[in-house]
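K.L.:
The structure follows.
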Amino acid sequence: MLRLTPEVRSQMVQHCLEGRPEEACGLLGGVLDGDSAEVTVCYPGRNLTASATLYELDSKDHLLADRDAEGRGIEIVGVFHSHTHTEAYPSPTDVARAPDPGWHYILVSLRDPEPVIRSFRIQDGAITEEPLDTFAMTGDS
């Protein structure tokens, strides 16, 4: 299961909407708990391909996100990107380029008037959809 704060969900969707007509991408920071994760930070990134069908996260953005997450005592738990004209489901290219079997892969489809968000695990080429939930943070987390 992947859990997002409402703020992260909003930031992720806004970044994807602003990235149109190209795919937008970024990283997600939080805490892993086995196969589940709680995401508390959105790291919008630059898509180096500037393409409507592919994304490549800028390595500088990745490095900055890693450093920030480490400073917060969290880790990078996943990546998100938009599909501008197709459903929120990993393409063969997405599967082939999935860098970490422990990550959560979030897709934001902008095909319909209302963005659709889905989360997946991609391990050894196998795609498994996972539940996606929103939670409110409490305290100083």
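Quick note: the coordinates plus some simple rules give every number you see, no bench work behind them. It should be emphasised that the depicted structure is a prediction, and the values quoted were computed from it without experimental measurement. Quick reminder, even Gly has a Cβ in these numbers, built from the backbone with ideal geometry, and neighbours come from all protein chains shown.
K.L.:
Take the chain, connect every pair of alpha-carbon atoms lying under 10 Å apart with a spring to form a Gaussian network, then pick out the residue of 27, 54, 63 with the largest mean-square fluctuation.
P.N.:
63
K.L.:
Can I ask one more? For the chain, modelled as a Gaussian network with Cα springs under 10 Å, which listed residue fluctuates most, 121, 72, 46?
P.N.:
Of 121, 72, 46, the most mobile in the Gaussian network model is 72.
K.L.:
Given H placed on each backbone N at 1.01 Å, which residues far from residue 50 in sequence or on other chains put an amide H within less than 5 Å of it?
P.N.:
Sorted by chain and number, the residues that satisfy this are 56.
K.L.:
Please list, in chain and number order, the residues 5+ apart from residue 134 or on another chain whose amide H is under 5 Å from its amide H, with Hs placed from the backbone.
P.N.:
Under 5 Å from the amide H of residue 134 lie the amide H atoms of 4, each far enough along the sequence or on another chain.
K.L.:
Restricting the count to DSSP beta bridges whose residues both fall in segment 2-134, what percent are antiparallel, rounded to a multiple of 5?
P.N.:
70
K.L.:
On a C-alpha basis, how far is the centre of segment 10-45 from the centre of segment 82-141 in Å? Whole number, if you could?
P.N.:
9
K.L.:
Using the Karplus curve 6.51 cos²θ - 1.76 cosθ + 1.60 with θ = phi - 60°, work out ³J(HN,Hα) for each residue of segment 20-35 in order, rounded to whole Hz, and write x for Gly and Pro.
P.N.:
Rounded to whole hertz, the list is 4, x, 7, 5, 10, 8, x, 10, 10, x, x, 10, 8, 9, x, 8.
K.L.:
Among 44, 90, 113, determine the one that fluctuates most according to a GNM of the chain built with springs between C-alpha atoms less than 10 Å apart.
P.N.:
Comparing 44, 90, 113 in a Gaussian network model of the chain, the most mobile one is 113.
K.L.:
To the nearest 0.05, how large is the calculated FRET efficiency for residue 95 and residue 63 if R₀ is 30 Å and r is the Cβ-Cβ distance? Walk me through the intermediate numbers first.
P.N.:
Working: r = 25 Å, r/R0 = 0.82.
Between residue 95 and residue 63 the formula returns 0.75.
K.L.:
Here's a follow-up. Quick one: pull the percentage of alpha-carbon pairs in the chain with a separation above 28 Å.
P.N.:
Tail of P(r) above 28 Å: 9 percent of Cα pairs.
K.L.:
Using modelled amide H (1.01 Å from N, peptide plane; none on Pro or chain starts), what sits under 5 Å from the amide H of residue 83, excluding residues fewer than 5 places away?
P.N.:
It is 108, 109, 110, by chain and number.
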